[in-house]
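Asker: Got a structure for you, questions after.
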Amino acid sequence: MKIKYSNLRYHRVYGKKIVLFGMRLFIILFCTITFGFTSPDILAQHSITVKATKTIGPDELFELIMQQTDYVFFYPEHILKGLTPLTLHKGKIKVSELLDRYLSSTDVVYEVDKKVIKIFRKTSSPDTPKQHQRPDSSQQQYLRIGGAVTGSEGEVLPGVNIVVKNTGRGTMSDEAGEYNLRANPNDTLVFTYIGFKKTSIPVNGREQIDVVMQEDIMSLEGVVINAGYYKVKDRERTGNITKVTSKDIENQPVTNPIMALQGRVAGLDITPSSGIAGGAFHIEIRGRNSLSNTNGSRPLIIVDGVPVNLEQINSSNPLLNASGGYDPLSTLDPGNIESMEVLKDADATAIYGSRGANGVVLITTKNNNRKTGTHINVRFSSGIAEVPHRLQLLNSSQYLEMRREAFENAGQEPTAANAPDLMVWDTSRNTDWQKELLGNTANITDFQSRISTGTGNTTFSFGAAYHKENFVFPGDFYYERMNLNFNANHLSENGKFKAVVSGNYGITNNRLFSGQDITGVALNLPPVAPPIYDENGHLNWENNTFNNPLAVLEKKDKNRINNLIFNTNMSYTIWPTLSASISMGYNRLDRKGHTIAPISALNPSNIGPETTGSGEFYVNDRTSWIMEPQLNYAESFGDHALDMLVGTTFQKNSSSYQRIEALGYSSDSQLESLVAASTINYVTDDEIIYKYAAIYAHIGYNYKSRYFVNLTGRRDGSSRFGPNNRFGNFGALGAAWIFSEEHFLRDNAVLNFGKLRMSYGTTGSDNIGDYSYLDLYTSKYYSYLGVTPVSPLALYNADYQWEITRKLEAAAEVSFLNDRIHLETAWYRNRSSNQLVDYRLANTTGFSSVITNQNAVVQNTGWEILLNTRNISGDDFSWMTSFNLTIPRNKLIAFPDFENSSYASVYEIGQPLSLAKLYRFKGVNPDTGVYEVEDANADGVIDNNDRVVYQNTGRKFYGGLQNTFRYKDFELNVLLQYSRQVNRTPVSLIGMYAENYPVRILDRWQAPGDDASFQKYSSDSSIVLPWSYASQSTFGFVDNSFVRLKTLNLTYHVPGKIKKSLKLKSAKVYLQGQNLLTFTKSGDYQLDPETNNGFPPLRMMLLGIDVNF
């Protein structure tokens, strides 16, 4: 099917105004780049607030300015002698105006150099050589002290404020993290940096002092959160936003950056469908909102301002069937991620309108904030991976006993035809097929490099990365990723114009086999099965009695995915309170793949003279662009502060998909060529265009930095609706009260911080697929009477409207005991109504259903708890803990005329959407030896009316626990992931087929009166119906809750002396472990509690080094 349709129209006048506005704004910004602007004093843009009238000296004045701005002062102490105290009146004043007034009547002047304010007398300058200045006795005792400032990860920290305690003298670390200043031998240096703990170091006569600053995860004041269209301090946010930084992301050897969030973010449920690298996964934020499909609950993913289509890249490979295909985000380099923010409640997501109905994940890549100098980072690691757990299966003697007993119970005789495993194969064999097929050790190699440089107000960075990991299967199969990224920042001389350009390009090569997932084969293949190869080294088919499991390795599946994400953002400060910006992004993803099925993969007995090899070819092409002009206004009026923004969004997505079947090859060597095929069938040929437009506004107000109110509104337009219903209005209100700032709590010795916040709002959803409101037809890939037929696919309905989700949240945050304990608790309730569902139609219509709105309501409620503690905080040893817990509840609370809907057999009002309607399992009948379920209504018939047990297959609660230990130059990070859940377990027809089973099936019925867990073995159909009932009963569900040692990272930071001798700015050596241990009750019958008996996530161990030059 190939469809092209452009169907988002605007009112003519409204559309012209928006287009003209965007054009004018772009022209203004373009002229700014080209011609520049006047350059006023940047210091004049900074103001300080005086809370009460007071008289202070020059030292206190400089200290006050440093506290409220990011400037520091540099001056010799004798210069302040003779300066009189200054009376400051309550209110707000610009820094430049204050300094000009105070120093105008003296012989002291100041000069601004970047973020350093230098104070000197008019007769000299700060750069005058020492011999030309008047000597002072107080200066002669000073030492010239120098050193470097780094973070706990060895990262360079530019812009650290270094002040001599109890003086106004200070400096800042440069772009290399280095500093030098003068101080008395008995002075103390105080180092402060946003997001890090304040550090005080006595000089003790030293001239070289290197400092390692520790990140302050408990501090809210300096942590800046990316809220998408604006930024906000963590302390002041009214919405629910969780931030995960590069430090946590880099600690995990994951191929997809989203997987680094698993166990770290409350309310975020990430479940891998397969352990195959590059495969897609299931992700939900605060539960499933839609009845239509699970994909309708996908969150919005934005990379550097560019929305990414999270829909899986199609694959027919059985190894990826559980996940649905390849994940687009697997092309991103996790090492290039600076941070990820997860937006959950209405206040945080409403500004994204319908796109943010299911939550938002903002991914920000690394950029270069250094102003000068060249910096090089190189990171390399190598390691191994293996399947972490194997099932205990029947050995040969147990297996043969099981099969023989099955025939005996059925009264049948085994023959070469119905039991080759007993009559033909070598029964003395005892092969561990888990070891043979899944037991290899995979090799992992990861390399990343980055160079950053800058001159003045322009900085650049370029990075490259390479990652490769093999699979544990036999053969040469692997996942390979290559990345290039760049970032450029420019700030005009007057500080008004800023431009940021970023690009990320990723290539993945996936080499797999197709035809069968041999994970299941490894679990089911009998231990007496024949060897894989015969004496000549060819695939062994054991005289046509054995389906060789390695034949699928001949069916090569190759896929190459290219993904480019490009974004540019330009902003200009029109007035100190008003700025304009425009963000433009582009995303291009293309995939080319093919799967071959050569004759060599077939059993020779099935090869005839007309048999040829075949191939399938796949082509995906996704292109999207987005443009968002925006105006920002911010102003303070005494104790009042107001910030506003208004903007528009224009977005267009185009995607196409082709699947081509090729037949009739004359040779297997030609299978990768379409030209060599004699028959070509176009199985699928789709093209889809999606258009989206919106206008949005946000108003933020705070009073005394204590009371906060946010108001957000957005009008969305989507091409997925009919002409009369394309636009929807959404909005949210958020409020917060920092009650710890009230006068009666301000000096409380126990409570350091306390905040209450609440939000309510509405968002919509258009996750219904494209063109669903039209009459749709599809063409077949075969011909009828020489003509390609067309058949109807879906009925027309242009009247359905947006789904609506109403979100409510209340939360509290408190910090105790000098911020040693920080607790945040949130309760939420999301109600999704006006559900877009498939309405069942009579068979006479020729269609089973039509999409329409139903007044059904899906509710998600829950509690989220976050606890951060600083257990021990010493100079040599520290211990910090971070804990999160989510308790979700999901249910269908309303559905008119539910009994007559097509959903009545699947869902139940008052029950969760992850519902399984089950029979109640009674056990194994001690007389007959077969499974029994309860006849709930006692009518003598087992049918759907007896499914009276409602089993929730979703998680009851989940979360993570992270501990960070630091001892001198060593640091240990340990992350535990946990989940309380139930899931299906295989219920098998034991003994009927030549298949192996876990040893627990040995507890079976053998004679009347036996109390057994499993029904009797049998090779006939007498056990089929009881098995069918049991597999749909409570017997088929088990507790597979787990606690997993998700991540372990041990790091050694190379000390300063060694770094200097090697001429390194920083260096560290680290050991990483992933999925090291899993504690679960389901280990006897499942390879993994998340992927069940599909291919599991691998246990990984890597050793690496990270150096900065």
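Asker: Provide the gained length on full extension for the span Tyr533 to Ile1105, in nm with one decimal, where the gain is 0.36 nm per separating residue minus the Cα-Cα distance.
Answerer: 201.7 nm
Asker: Given the pairs Lys233/Lys755; Lys247/Lys366; Lys94/Lys231; Lys81/Lys118; Lys956/Lys1081; Lys344/Lys807, which are separated by over 19 angstrom at their Cα positions?
Answerer: Lys94/Lys231
Asker: Let me ask something additional. Give me, ordered by chain and number, the residues 5 or more places off Thr365 or on other chains with an amide H under 5 Å from its own placed amide H.
Answerer: Those lying under 5 Å, H to H, from Thr365 are Asp304, Glu338.
Asker: From the phi angles alone, apply the Karplus equation (6.51, -1.76, 1.60; θ = phi - 60°) to the range 376-386 and give each ³J(HN,Hα) in whole Hz, x where the residue is Gly or Pro.
Answerer: Coupling constants for the range 376-386: 10, 10, 10, 9, 9, 9, 8, x, 10, 9, 8 Hz.
Asker: Could you give log10 I(q)/I(0) at q = 0.21 Å⁻¹ for the range 595-736, computed by the Debye formula over C-alpha point scatterers of equal weight, without solvent?
Answerer: The Cα Debye sum returns log10 ratios of -1.17.
Asker: Also, I was wondering about something else. Assign unit charges at the C-beta atoms only (+1 for Lys and Arg, -1 for Asp and Glu), then state the dipole size of the chain relative to its Cα centre in Debye, rounded to the nearest 20.
Answerer: Its charge dipole is roughly 4480 debye.
Asker: Still on this structure, please answer the following. Using only the Cα atoms of the range 944-998, build the gyration tensor, take square roots of its eigenvalues as a ≥ b ≥ c, and label the shape rounded, prolate or oblate: rounded if a/c is under 1.5, else prolate if a/b is larger than b/c, else oblate.
Answerer: oblate
Asker: Another one. Through the Karplus equation 6.51 cos²θ - 1.76 cosθ + 1.60, θ set to phi - 60°, convert the phi angles of the range 698-711 into ³J(HN,Hα) values in whole Hz; use x for Gly and Pro.
Answerer: So the J values, rounded to whole Hz, are 9, 10, x, 9, 9, 10, 6, 6, 10, 10, 10, 9, 10, 10.
Asker: So, one more: I want the local charge near Gln977. Using Cβ-Cβ distances under 11 Å, sum +1 for each Lys or Arg and -1 for each Asp or Glu among the other residues. Provide the component values of the computation, followed by the final result.
Answerer: On the way: positive: Arg264, Arg1044, Lys1046; negative: Glu1090.
It works out to a net charge of +2.
Asker: Now a separate question. Using every pair of alpha-carbon atoms in the range 857-927, split the distances into 5 Å bins beginning at 0 and state the percent of pairs per bin, rounded to integers.
Answerer: Values per bin, smallest distances first: 3, 11, 13, 11, 9, 9, 9, 8, 8, 6, 5, 4, 2, 1, 0.
Asker: Express the relative contact order of the range 143-216 as a whole percentage, based on alpha carbon pairs under 8 Å and six or more residues apart in sequence.
Answerer: Details: 179 pairs, mean separation 27.9, N = 74.
Rounded, it is 38 percent for the range 143-216.
Asker: Quick one: which residues, 5+ away or cross-chain, put their amide H under 5 Å from the amide H of Lys555? H built at 1.01 Å from N.
Answerer: It is Ser514, by chain and number.
Asker: Between the range 822-864 and the range 636-672, what is the C-alpha centre distance in whole Å?
Answerer: If you average the Cα positions of each part, the centres end up 26 Å apart.
Asker: How far is helix 58-68 tilted off the main Cα axis of the chain, in degrees rounded to 10, range 0 to 90?
Answerer: Between the helix axis and the principal axis of the chain, the angle is about 20 degrees.
Asker: Okay, next question. Please list, in order along the range 734-743, the HN-Hα scalar couplings obtained from phi with the Karplus expression 6.51 cos²θ - 1.76 cosθ + 1.60 (θ = phi - 60°), rounded to whole Hz, x for Gly and Pro.
Answerer: x, 9, 9, 10, 8, 6, 5, 8, 5, 4
Asker: Could you give the length gained on full extension between Leu1071 and Ile893, defined as 0.36 nm per residue of separation minus the Cα-Cα distance, in nm?
Answerer: 59.2 nm
Asker: Charges on Cβ only, +1 for Lys and Arg, -1 for Asp and Glu, centred on the Cα centroid of the range 143-216; of Gln208, Ala176, Leu143, which one is farthest towards the dipole's positive end?
Answerer: Leu143
Asker: Here is a follow-up. Please report, in debye to the nearest 20, how large the charge dipole of the range 825-939 is about its Cα centre when each Lys and Arg carries +1 at its beta carbon and each Asp and Glu carries -1 there.
Answerer: 420
Asker: Between Ser905 and Ala938, how high is the FRET efficiency from 1/(1 + (r/R0)^6) when r is the Cβ-Cβ distance and R₀ = 30 Å? Nearest 0.05. If you can, show how the numbers build up before the last one.
Answerer: Working: r = 22 Å, r/R0 = 0.73.
That pair, Ser905 with Ala938, gives E of 0.85.
Asker: I would also like to ask the following. By its C-alpha gyration tensor, with a ≥ b ≥ c as the square roots of the eigenvalues, how is the range 284-405 shaped: rounded for a/c under 1.5, else prolate for a/b larger than b/c, else oblate? Before the final figure, lay out each step's value.
Answerer: Working: a/c = 3.13, a/b = 1.51, b/c = 2.07.
Oblate, since a/c reaches 1.5 and b/c is not below a/b.
Asker: Residue separation times 0.36 nm, minus the C-alpha to C-alpha distance between Arg404 and Leu143: what's the value?
Answerer: 84.9 nm is the gain from fully extending Arg404 to Leu143.
Asker: Ok, one more. Could you list which residues have their amide H under 5 Å from that of Trp863, counting only those 5 or more apart in sequence or on another chain, with H placed in the peptide plane?
Answerer: Ile887
Asker: At what distance in nm do the modelled label points of Thr928 and Leu1002 sit from each other, each positioned 7 Å from its Cα along Cα→Cβ?
Answerer: Result: 2.9 nm between the two label points.
Asker: Return the tail of the calculated pair distribution for the range 435-484, meaning the percent of Cα-Cα pairs more than 16 Å apart.
Answerer: Counting every Cα pair in the range 435-484, those more than 16 Å apart make up 58 percent.
Asker: For Val787 and Asn603, FRET efficiency with R0 = 60 Å and r from the beta-carbon atoms, rounded to 0.05?
Answerer: Working: r = 38 Å, r/R0 = 0.63.
Computed FRET efficiency for Asn603 and Val787 comes out at 0.95.
Asker: Also, I was wondering about something else. Given a cut-off of under 8 Å on Cα pairs at least six residues apart, what relative contact order in percent is computed for the chain? Each step should come with its number before you reach the end.
Answerer: Numbers: 2867 pairs, mean separation 116.7, N = 1109.
Rounded, it is 11 percent for the chain.
Asker: Is the range 143-216 best put as rounded, prolate or oblate by its Cα gyration tensor, with a ≥ b ≥ c the root eigenvalues, rounded for a/c under 1.5, and otherwise prolate when a/b is larger than b/c, oblate when not?
Answerer: In terms of gyration-tensor shape, prolate.
Asker: Turning to a different aspect of this structure: Using the beta-carbon distance between Asp432 and Asn544 and R0 = 35 Å, what value does 1/(1 + (r/R0)^6) give for FRET efficiency, to the nearest 0.05?
Answerer: 0.90
Asker: Then there is this: What fraction, in whole percent, of alpha-carbon pairs in the chain exceed 55 Å separation?
Answerer: Looking at the chain, the distances longer than 55 Å represent 25 percent of pairs.
Just so you know, all these numbers are worked out from the coordinates, no wet-lab data involved. Since the model is a prediction, treat every value here as computed from it, not as a measurement. Note that each Cβ is placed from the backbone with ideal geometry, even for glycine, and that neighbours are counted across all protein chains shown.
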